[in-house]
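Q: Below are the structure tokens for one structure; questions will follow.
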Amino acid sequence: MAAAAPATVAQSAFKRLEQVLEKEKPALLMLDGLKRDAKSLLGTPDASYGHLIYGMLNAINNRRNDFDKHFDMISTPEVLNMGAFFRVNGLNRMGYFEEATEYLKKMLNASHKTDNPALLKHLTHLGMLYGFIEQPGLIIERLNKMKALEPNQQDDLERLHLLLTNTNVNETVLVSAILAAKNLLKEKGFQIPTYSFHYSIESDIFIELKMLCFGKNIDQMAEADEALSWLLVDMEESVDANLINFNISCRPYNRSYGIGC
């Protein structure tokens, strides 16, 4: 039987990588298959997929040095591409939250170097998940000038940005609160594969960041959720009273949310 074309291997392997990243402890058989595919892609026009797959497999196994080695081949925060987004995702998965935030900040600052609406939209959404407000707002203005957002209706990105702005929480405080929440969950033994905004349509000044974690112990997760509430209460009293309009919750991971890259 003839070998599959590299492009076919790349597309198939990437889809299986996304499935693997949805699991806390993927099956060894799936991991071994992805390693073989990644190896076959190196030295081909789709080598970047090979490095990306290898890098994310190393993230699953918390092998930081090998992770960096592969992503150094395909990503830099000054160039928006798939590798840069997955690098942030991998750092987050391994628990290097501060580094993921700094890398994303550099991506936001370099956003003016691309006019690709899809990449800019993804960057804007990801930036707001990390608590950034100013740069996502500037990118949204660019997207509007490019006519890349839905006309005659409020785009989801604009809605999220408006809600964040209306909380009146200082951006630096918001970023710090989200970092503190991630570290709290890590201390309690949870891994965060993804997270998403959920906002209440009943209030224009309240927004919730739902952190979705691997784990099936509901009691342990409820305890972590309560700890997150107290964390924000403490920061509200000592740092920024406007945090009363922002909430972070802990919930079990659900495949419908995707991997959050």
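The values are calculated or read from the model by the stated rules, or taken from the named source; none is laboratory data. All of these numbers come straight from a predicted model, not from anything done at the bench. Cβ atoms come from the backbone with ideal geometry, glycine included; neighbour counts cover every protein chain shown. Accessible surface areas use protein heavy atoms only, side chains included; no ligands, DNA or RNA. Shrake-Rupley method; radii C 1.70, N 1.55, O 1.52, S 1.80 Å.
Q: Of the residues Arg16, Arg93, Arg87, Arg36, which single one is among the basic types (Lys, Arg), part of a helix (DSSP H, G or I) and touching a residue at least 60 places away in the same chain (Cβ under 8 Å)?
A: Values: Arg16 fails: touching a residue at least 60 places away in the same chain (Cβ under 8 Å); Arg87 fails: touching a residue at least 60 places away in the same chain (Cβ under 8 Å); Arg36 fails: touching a residue at least 60 places away in the same chain (Cβ under 8 Å).
Exactly one of Arg16, Arg93, Arg87, Arg36 is among the basic types (Lys, Arg), part of a helix (DSSP H, G or I) and touching a residue at least 60 places away in the same chain (Cβ under 8 Å), namely Arg93.
Q: Taking segment 70-84 only, how many residues are in a loop (DSSP other than H, G, I, E, B) and either polar (S, T, N, Q) or under 17 Å from Ile133 (Cα atoms) (or both)?
A: 2
Q: Among the residues of segment 224-243, write down those that are under 14 Å from Ile178 (Cα atoms) and open to solvent by 70 Å² or more (accessible area, probe 1.4 Å).
A: Matches in segment 224-243: Trp230, Asp234, Val239.
Q: Still on this model: Given Lys216, Lys210, which one is touching a strand residue (DSSP E or B) at 6+ places or on another chain (Cβ under 8 Å), surrounded by fewer than 19 Cβ atoms within 10 Å (Cβ to Cβ) and part of a loop (DSSP other than H, G, I, E, B)? Break it down stepwise before answering.
A: Details: Lys210 fails: part of a loop (DSSP other than H, G, I, E, B).
Just a single option satisfies the conditions, and that option is Lys216.
Q: Just to be sure I understand, how many residues within segment 36-60 are over 26 Å from Leu120 (Cα atoms) and open to solvent by 70 Å² or more (accessible area, probe 1.4 Å)?
A: Residues meeting the conditions: 3.
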